[in-house]
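The values are calculated or read from the model by the stated rules, or taken from the named source; none is laboratory data. On a predicted model such as this, the values are computed, not experimentally measured, just so you know. These accessible areas exclude ligands, DNA and RNA; they are computed on the full protein's heavy atoms, side chains included. Shrake-Rupley method; radii C 1.70, N 1.55, O 1.52, S 1.80 Å.
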Amino acid sequence: MRLDPATRTAMDRTLAGLDAQIAQTREVVRQSPTDPAALHFLVTAYRRKAEVLSEIIVMTEGEGS
């Protein structure tokens, strides 16, 4: 099943926002590698991205069949 255009746009925006958060937080962690709040935020952003990617997989299961 393919994602409808509105859903795809929403997912693309969500992923782009998460990628921006990850990039910004990685820079903070690079500058302050022992900052627990920055490390927590980075892990949380990666976890959320994994959740969104999993949602996309579930929504498109069987697309290639």
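Report, by chain and number, residues whose modeled amide H sits under 5 Å from the one on D35, excluding near sequence neighbours (fewer than 5 apart, same chain).
none
Enter the accessible area of M1 (Å², nearest 10), with the probe set to 1.4 Å and all protein chains included.
140
Keeping all protein chains in the complex and leaving out DNA, RNA and ligands, what accessible area do you get for T44 with a 1.4 Å probe, in Å² to the nearest 10?
Result for T44: roughly 60 Å² accessible.
Excluding ligands, DNA and RNA, what is the solvent-accessible area per residue of the chain at a probe of 1.4 Å, expressed in Å²?
On a per-residue basis, the chain sits at 75 Å².
Can you give the convex hull volume of the alpha carbon atoms of the chain per residue, in Å³?
72
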